[in-house]
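The values are calculated or read from the model by the stated rules, or taken from the named source; none is laboratory data. Bear in mind the structure is a predicted one, so any value in this text is a computation, not a measurement. Don't worry about glycine lacking a Cβ; one is built from the backbone with ideal geometry, like all the others, and counts go over all protein chains shown. We work out accessible area using only protein heavy atoms, side chains counted, and drop any ligands, DNA or RNA first. Shrake-Rupley method; radii C 1.70, N 1.55, O 1.52, S 1.80 Å.
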Amino acid sequence: MPSRENLDFDVVPGRRRPEPRIQWKAHYPMIAIGAYGVPTDLPGKEAKLAKKDAQEKRDVLLLSEREAGTRNFLDWWRGRLSADKKPSVLVHGNAWGEELFEWPTDQHRDETVINALRALGAGPNVVDRATALARWAATLTSPFTLLIRELSSMGEPAAVDVATALRVLRELDRNSYPNLHVLVTDTSEAIYVDSRDRSGYGALCHQYRIAPLGSAAIEALGGWEGPREKPKHKKDEIWPQLSFADGASEVFLEHTGGQRLLVRHLLHRLRERARSVGCANLDLARGDIEGAARQMGDSPPSEVKLWQEDLQQLLKREPNLVHRMRAYVLGETIGPAEFPPPANERSLFIAGWLKPDRDGRWGIASLFHVHLARPVLDEFRHIGR
């Protein structure tokens, strides 16, 4: 569970009404789900990515569901690099062809880098892609980090070719390109596994998923004192601070699983309720949270539709998971969580549907996830119970 000493805050960008976002100070909480040469390890133990990891780890693969906080993590990672004047570039998988590369504000566009990325993203074959990257990497005299966001969104077979080129680069001679660091984020493991028509790149990476928020982080978010700037609208001048009665934060976790989008959305509903009655300080009880959670179930964040679509596609690819998912929705758990669950469950864990529960066992991520999964499972009634 993250300690409050590691927490700072800024404001979620692009929101009409200010909402707090955690900025981690010393380290970013993760869950390790694979190490170099051990791609299927899934211990479920917290890992702490710190500043030194941004400069020491050669290949990092971050796999999490949509709206898990990936953008926040990338901002954090790039900030650590910029603080030490380490150059980097961010590439979006779905915009690679448009060459919309993101450079740090204190770094100029580098045509040498652009040419290498252009060849990596559009080479005629995997060997040419890897060769172009290797030729550039060999010229690096100091650390450079290539960040790729949601490579799978590039589409197949191009995304598989890029991941394969990254694997080939490291397999040529892992020690030949010590100054090239690669961080890839994605919402699916499919193109990184070692099987026919896949890249096998995941086996060469340190693999993580973003850890859910714990009670300390949720209580700190609830108690945020509000933005420093004076709000534009008079009705926003009341910024309710939320505290949690005994056991209330655990109820909050039962409904959200600590998933960042759900945490933010439920806190927003609770603040709106307090604001509507002019309450500047609200001590939340179980009933307050359960009432707001019911409202969230009736009118959920629009982004969760994508989670349901991803689950639907996952169950189509792996129909053997339908029976297991039904069991989790009914409250079944397996464990203890210090050990890997059955291999099939790995896909559900990466997609955010499973997490270690309070008893140290693998179970459904939250009551809200139960609510989301039921209509999807209804579409698979033809698969025997």
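Here is a yes/no grid of residues against (1) open to solvent by less than 10 Å² (accessible area, probe 1.4 Å); (2) touching a helix residue (DSSP H, G or I) at 6+ places or on another chain (Cβ under 6 Å):
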position: Ala130; (1), (2): yes, yes
position: Leu133; (1), (2): yes, yes
position: Thr141; (1), (2): no, no
position: Leu146; (1), (2): yes, no
position: Ala158; (1), (2): no, no
position: Asp161; (1), (2): no, yes
position: Thr164; (1), (2): no, yes
position: Leu183; (1), (2): yes, no
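Mind listing whichever residues of region 98-125 are modelled with pLDDT of 90 or more, open to solvent by 60 Å² or more (accessible area, probe 1.4 Å) and more than 14 Å from Thr139 (Cα to Cα)?
Arg118
Go through Ala54, Ala47 for me and flag whichever is closer than 19 Å to Tyr177 by Cβ and not in a loop (DSSP other than H, G, I, E, B).
Ala54 is the lone residue from the list that is closer than 19 Å to Tyr177 by Cβ and not in a loop (DSSP other than H, G, I, E, B).
Residue-wise test of (1) touching a strand residue (DSSP E or B) at 6+ places or on another chain (Cβ under 8 Å); (2) within 21 Å of Ala211 (Cβ to Cβ); (3) surrounded by 12 or more Cβ atoms within 10 Å (Cβ to Cβ).
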residue: Arg275; (1), (2), (3): no, no, yes
residue: Ile289; (1), (2), (3): no, no, yes
residue: Ala293; (1), (2), (3): no, no, yes
residue: Ser299; (1), (2), (3): no, no, no
residue: His323; (1), (2), (3): no, no, yes
residue: Ala327; (1), (2), (3): no, no, yes
residue: Ser347; (1), (2), (3): no, yes, yes
residue: Arg361; (1), (2), (3): yes, yes, yes
residue: His371; (1), (2), (3): no, no, yes
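Taking region 250-273 as the search range and keeping residues that are touching a Leu at 6+ places or on another chain (Cβ under 9 Å) and surrounded by fewer than 19 Cβ atoms within 10 Å (Cβ to Cβ), which one is modelled with the lowest pLDDT?
Checking each candidate, the answer is Arg273.
For Gly331, are the conditions met, namely being open to solvent by 20 Å² or more (accessible area, probe 1.4 Å), in contact with a Lys or Arg (Cβ under 7 Å, 6 or more places away or on another chain) and under 24 Å from Ile210 (Cα atoms)?
So Gly331 does not fit the description; no.
Go through region 160-177 and report how many residues are assigned to a loop (DSSP other than H, G, I, E, B) and in contact (Cβ under 8 Å) with a residue 12 or more places away in the chain.
Qualifying residue count for the region: 3.
Of everything in region 304-321, what is part of a helix (DSSP H, G or I) and open to solvent by 30 Å² or more (accessible area, probe 1.4 Å)? Give them in sequence order.
The answer is Lys305, Leu306, Gln308, Glu309, Asp310, Gln312, Gln313, Lys316, Arg317, Asn320.
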